[in-house]
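One structure below.
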Amino acid sequence: MKLRLLVLIICLFTYRSSLMAQGRAVKFTDELKQAMCDSIKNAARHAWQGYKQFAWGADDLQPLSQTPKNWYSQPMLMTPVDAFDTFVLLGLNDEVREAKELIFSKLQFDVNNEVQVFEVTIRILGGLLSAYELDGDPRFLTLAKDIADRMMPAFNTPTGMPYRYVHLQTKKIRDSINNPAEIGTLMLEFGKLSQLTGKPKYYAAAKKALMQVYKRRSKINLAGEQINVLTGKWVSTQSHISGYIDSYYEYLFKAWKLFGDKDFKTAFDRHNAAIKKYLVDKTANGWFLRHVNMYTGRETATTYGALDAFYAGLCALAGDIETAKHIQDANMHMWVHFNMEPEAFNYKTDSILSAYYILRPENLESCFYLYRATEHYEYLWMGKTMVDDILQHCKTTSAFASIKNVKTYEQANSMQSFFFAETLKYAWLLFAPSSSIDLNTIVFNTEAHPFKIEKKQK
Ligand code: DMJ
C-alpha cells in the first residue's frame, strides 16, 4: 500500500516536472493569456467582495472567520490603500470607485497609533503616492504628506538611521535595533514625496539613512542583519538576501532607476558583486542564495524561502539575465517540490523549516520581470502553475486565505494586503499585454506601487 502511494506521488511529481519542461518550448497562446487575466481579475473581485462584506473600513479581512482585523488601535485602511492601484491597472472601475470613496471618507492619521515606519511607508505612503500619480486627485497627496510628516521624527537619531516605530500623535519613537530593509526601504517613497511636493527634506532624510547602512558594509561589501541606529554598530552580522535585508538591496537599484542618483548605483553594484561571490550557491536544482557571515563570507546556513525569490526579478531588472534565470529555476523548484512554496526550507536537504505560505508575491514578481526581459514562454508556464495553485488551494467562500502548511494545504485565517497590492498585480501583469505597464517609465516600490520616473532623468 505504502509502495503504491510512493509510486503515485513519484508519477505525479514527474508528470508535473515534465509539464514544466515542456513549458520551455510550448507556446502560450493569446487566448490562454486572456483566460489567465480574466481569472486573476475575478480573483481580485472575489477578494474585494469579501473585504466589503466582512471587513469594510478595517485594515484586513480574516478570510476563514470572516471577521475584520486591524493592525493598530485605529484602522489605517491597509487593504483599500494597497489595492487601489491594482484595481486601476486591472480596469476594475467599480472597485476603484469604492476604494476611493472609502479612503476619502475614513482615512486619517491623527490617531492613537504607534506604527511600524517600514510597513506604513511601503503600503500606505507608497499606495497613496501611486494613487495620486495614477488618479490625480490631490487628496491622495495631502494624505501622503500627512503620514510622512508624522513619521519624520523617526529619523531623529545620531546616525540618521530611523527608529522602527513612531507614534502618529505624540511622535514618540521606539526600538533602536533596526535592520537594513526597514532603514533602506523608505527611499523611493520619501524621495517621490520630495519630487511631488518640491520639498527636498524627505529625500535627504531617506538617502542619509540608506547611505549610513551602506557606509557600514563589511570589507567584502556585505551588509549585516541588524544594526543599532544610535551607535551605528551591527547587532547581527548574518548576511543574506532574506527578510531584514532583502529590499535594502532592491531599493539601491530602484532608487537609481527612479531618481538617476549615481550614489545608489555604485552602492548596488558593489553589494551585488559580493552577493554573487559569497551568497550564490549553484546546485542541480538552480542557484540558491545562502546565509553567510558578513565579515568572512563563510556559510552559516543553507536556508532559502518565499522572500528570497525576489532576487531573480531584481537581477532581471538590472540586466543580469543569466543569474536571474538560474535563480528562477531554484524558485520554481521551491514551488513545485512542496506543493507550493514554503516560507523557508533548507535547500541542501530539501526539508521545510517554516511550512506556511502567506500569499507572498516574490516568485510571481520574478516571473514577471524575467518574462518582460526574455519573452520566454517558460515564465508564463511557471506563473500559471503558481496562479492555478493559489486559485485552487487558497480560495475561500468569501476571499483568499494563507496556507498554514503547504504539505497539507490547510488554510490559515489571514489575507495580507500585499495579496491585492502585489500578488494579484504581478500575476495579472505577467499575462497582460506589455503595453499595460512600461518599465522604462515607472519603477515599482517593494509593495508593487508604480512610481513615475520624472522625464528629465530618463
Ligand atoms: C511585502 O510587504 C513587500 O514585498 C516586502 O518587501 C516584503 N514582504 C511583503 C511581501 O512578501
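General remarks:
- Leu359 vs. criteria out of contact with any Ser or Thr (no Cβ under 7 Å at 6 or more places or on another chain), modelled with pLDDT of 95 or more and open to solvent by less than 10 Å² (accessible area, probe 1.4 Å): no
- Taking the stretch 151-190 as the range and being surrounded by fewer than 22 Cβ atoms within 10 Å (Cβ to Cβ) and assigned to a helix (DSSP H, G or I) as the test, the residues that pass are Met152, Pro153.
- Filter result (open to solvent by less than 20 Å² (accessible area, probe 1.4 Å), aliphatic (A, V, I, L, M) and more than 10 Å from the ligand (Cβ to nearest atom)) within the stretch 418-441: Leu424, Ala427, Leu429, Leu430, Ala432, Ile437
- Test set (1) aromatic (Phe, Trp, Tyr); (2) closer than 25 Å to Tyr251 by Cα; (3) in contact with a His (Cβ under 9 Å, 6 or more places away or on another chain) - Phe345 fails condition number: (2)
- Only residues that are farther than 20 Å from Thr296 by Cα and either touching a His at 6+ places or on another chain (Cβ under 7 Å) or of a type outside the set (Gly, Ala, Ser) (or both) were counted in the stretch 219-245, giving 4.
- Residue within the stretch 256-276 that is open to solvent by 10 Å² or more (accessible area, probe 1.4 Å), of a type outside the set (S, T, N, Q), at pLDDT 95 or above and over 30 Å from Lys455 (Cβ atoms) present: yes
- Scanning the stretch 391-401 for residues that are buried (at least 20 other Cβ atoms within 10 Å of the Cβ) and free of Cβ contacts under 8 Å to residues at least 60 places away in the same chain yields a single hit, Cys394.
- Residues located in the stretch 229-248, provided they are away from the ligand (no atom under 11 Å from the Cβ) and outside any loop (DSSP other than H, G, I, E, B): Trp234, Val235, Ser236, Gln238, Ser239
Let's see how each residue does on (1) out of contact with any strand residue (DSSP E or B) (no Cβ under 9 Å at 6 or more places or on another chain); (2) away from the ligand (no atom under 16 Å from the Cβ); (3) of a type outside the set (Gly, Ala, Ser):
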{"site": "Asp94", "(1), (2), (3)": "yes, yes, yes"}
{"site": "Gln108", "(1), (2), (3)": "yes, yes, yes"}
{"site": "Val117", "(1), (2), (3)": "no, no, yes"}
{"site": "Gly127", "(1), (2), (3)": "yes, no, no"}
{"site": "Gly136", "(1), (2), (3)": "yes, yes, no"}
{"site": "Asp149", "(1), (2), (3)": "yes, yes, yes"}
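- For the stretch 402-417, the set of residues classified as part of a loop (DSSP other than H, G, I, E, B) and either within 16 Å of the ligand (Cβ to nearest atom) or buried (at least 20 other Cβ atoms within 10 Å of the Cβ) (or both) consists of Val406, Ser414, Met415, Gln416, Ser417, listed by residue number.
- Here Glu362 meets each of (1) over 14 Å from the mean Cα position of the chain (by Cα); (2) of a type in the set (Asp, Glu); (3) within 16 Å of the ligand (Cβ to nearest atom) with one exception, condition (1).
The values are calculated or read from the model by the stated rules, or taken from the named source; none is laboratory data. Bear in mind the structure is a predicted one, so any value in this text is a computation, not a measurement. Backbone-built Cβ (ideal geometry, glycine too); neighbour counts: all protein chains shown. To get the accessible areas, we keep the full protein, side chains included, count just its heavy atoms, and leave off ligands, DNA and RNA. Shrake-Rupley method; radii C 1.70, N 1.55, O 1.52, S 1.80 Å.
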